[in-house]
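Peer 1: I'd like to ask some things about the structure below.
The values are calculated or read from the model by the stated rules, or taken from the named source; none is laboratory data. It should be emphasised that the depicted structure is a prediction, and the values quoted were computed from it without experimental measurement. No Cβ is skipped: glycine too gets one built from the backbone with ideal geometry, and neighbour counts run over all protein chains shown.
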Amino acid sequence: MRSNVPRGEKLQHQLAGHRNSQFGSSSETIEQLQLALEASEISIAKMTAMLRLPDEDPKDKPKHRPIPDHVPRMEVELTIGEDDCAKCGGQLRRLGEDGEPFSAIGPRTMASEELEYVPGRFIVNRIVRPRFACSGCEAFTQAALPSRPIERGRPGPGLLAHVLVSKYADHLPLYRQCQIFERVGLDLDRSTLADSVGKSTALLEPLADAIGRHVLAGQAIFADDTPVKMLAPGTGKTAQRRRPAGMARRHPRAHPGLQDHPRRRPDPLALADGFREGPYPCMTIARLKIILEDIKLVVSRTLEVPVDIRLERLNLVLQTAMGWENYHLYEFMTGGTRWGLPDPDFGTDALPVAKASLADIVNTAGTAPIRYIYDFGDNWAHRIEAEAIGDPEPGNLYPRLTGITGRCPPEDVGGLPGYEDFLAAIRDPNHPEHENMIRWAGGPFDPHVPDADELRFEVLKLAKKWKPRKK
């Protein structure tokens, strides 16, 4: 830690030289020095907090300035929560509080203030702690101060979270945050923010370690190594850095997202948590139930498909399993997001199915329902429910049709009203359209009896066609 101190002093000297020079270097070089100095100060503050060293205040370190009066105050009164003295049981009477003069106890003290940040505005929490005296034994009592992220620090947890998110998530350096705060009349020095950030990172170290242990505990870890261009302080140019990321995958037979309750749907996010790309036998299999909505007769299918199946392939599986003929356009929908085929007649806001998978839909859905719409004219809506997830069974090919109930309506029957008229005509031999409808359907039609063997065979053909080749 001590080695960082002279480096910080050197950077401060270089920064002052750039500022005071009449014909100094470009502002980009000054910003690079600001970033280097900021990183050094954060490192010092972090090591100080982790090693529990006493804070050393250099002579030139900016002192705490009073919080401006124009910032709104919100009083938080902390009482001891009792009316009787804990020592003798006598009744307590209120004498005063921090911020009020009370010569019998001691000199006047100011109420404790912390600078807090509420999204969009700053507020000051004025924490008031009334003092009480016992009428029996004259003992004094007062509520203790609440714990703070930074001991004896002014920044509240909301302000610290805002600064950390702005720096590490929004890539906003501290000196630029200082300029933003200055616009609302708050003079917060960069070195003060750097000290707060360093101590906050030390405070969050156990959480980071816990996340690391969680990732490393998975049976499989997905890693991403993204190159990022960053400023290289002192060189006058950028340097390539790498931003690693990891995601663990739990791979049990009984997935934690599944519930034993028969009426409770599994958590779709837990389903997506089991996602993993790769050929047999490493793929993860999802069991889906597809239900045709809005019709009185139950028409449903149960399918087992890889979680990483592309939506254009999933459409073919659904068409084949349901008994549709794939003549028309289709869409997958959840919440406000849509996936479909590009078509100028129906708009271009749908995401392409060729670039999305079942895992993308489940991850986007959260707890929202997932729907599959086929034939925008007849508008057949299907509800997709994720029932289970697990490993592929040895000897099975996927996709796999495991459950069949009911027969889907004929193509181009005219939607729900047309289907009801069609059923009424084929059920009644005396109906004027009976013979025409039988002929149009290609023969007798029983909505309760699907051709289960034919449907399973057609889905199996897709599974054989898409079976991964051995390397």
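Peer 1: Could you list, ordered by first residue, the pairs with Cβ atoms under 6 Å in which the first is in the range 400-416 and over 11 Å from residue 301 (Cα atoms) and the second is surrounded by 20 or more Cβ atoms within 10 Å (Cβ to Cβ) and of a type in the set (Val, Ile, Thr), at least 6 apart or interchain?
Peer 2: none
Peer 1: Now a separate question. Does residue 95 count as in a loop (DSSP other than H, G, I, E, B) and either among the β-branched types (Val, Ile, Thr) or modelled with pLDDT under 80 (or both)?
Peer 2: no
Peer 1: Say we look at the range 151-170 and pick out the residues that are at pLDDT 85 or above and part of a loop (DSSP other than H, G, I, E, B); which of these is surrounded by the most Cβ atoms within 10 Å (Cβ to Cβ)?
Peer 2: Result: 156.
Peer 1: Mind listing whichever residues of the range 310-323 are surrounded by fewer than 21 Cβ atoms within 10 Å (Cβ to Cβ) and under 19 Å from residue 350 (Cα atoms)?
Peer 2: Those that are surrounded by fewer than 21 Cβ atoms within 10 Å (Cβ to Cβ) and under 19 Å from residue 350 (Cα atoms): 310, 312, 313, 316.
Peer 1: While we're on this one: Does residue 340 qualify as being crowded, with 20+ Cβ neighbours inside 10 Å, under 26 Å from residue 458 (Cα atoms), of a type in the set (Gly, Ala, Ser) and in contact with an Asp or Glu (Cβ under 6 Å, 6 or more places away or on another chain)?
Peer 2: Taking the combined requirement at face value, the residue satisfies it.
Peer 1: Working carefully through the options 351, 341, find the one that is modelled with pLDDT under 90 and under 20 Å from residue 411 (Cβ atoms).
Peer 2: The unique qualifying residue is 341.
Peer 1: Condition test on residue 118, is it farther than 15 Å from residue 77 by Cβ, of a type outside the set (S, T, N, Q) and modelled with pLDDT under 85?
Peer 2: yes
Peer 1: Could you list, in sequence order, the residues of the range 255-296 that are under 22 Å from the mean Cα position of the chain (by Cα) and either part of a loop (DSSP other than H, G, I, E, B) or modelled with pLDDT of 50 or more (or both)?
Peer 2: Once the filter is applied, which keeps residues that are under 22 Å from the mean Cα position of the chain (by Cα) and either part of a loop (DSSP other than H, G, I, E, B) or modelled with pLDDT of 50 or more (or both), the range 255-296 yields 255, 256, 257, 258, 265, 266, 267, 274, 275, 276, 277.
Peer 1: Condition first: in contact with a Lys or Arg (Cβ under 7 Å, 6 or more places away or on another chain) and assigned to a helix (DSSP H, G or I). Can you find one or more residues in the range 215-228 that meet it?
Peer 2: no
Peer 1: Within the bounds of the range 443-460, is there any residue that is loosely packed, with under 15 Cβ neighbours inside 10 Å, aromatic (Phe, Trp, Tyr) and farther than 20 Å from residue 382 by Cα?
Peer 2: yes
Peer 1: Any chance the range 297-308 includes a residue that's of a type outside the set (Phe, Trp, Tyr), at pLDDT below 85 and farther than 21 Å from residue 469 by Cβ?
Peer 2: no
Peer 1: While we're here: Among the residues of the range 441-470, what is the count of those that are among the aromatic types (Phe, Trp, Tyr) and without any contact (Cβ under 8 Å) to a residue 24 or more places away in the chain?
Peer 2: Adding up the residues that qualify gives 1.
Peer 1: Taking the stated definitions as given, is residue 398 hydroxyl-bearing (Ser, Thr, Tyr) and within 18 Å of residue 291 (Cβ to Cβ)?
Peer 2: Judged against the criteria, residue 398 is not a match.
Peer 1: What residue, of 315, 326, is part of a loop (DSSP other than H, G, I, E, B), modelled with pLDDT of 90 or more and of a type in the set (S, T, N, Q)?
Peer 2: Every option except 326 fails the conditions.
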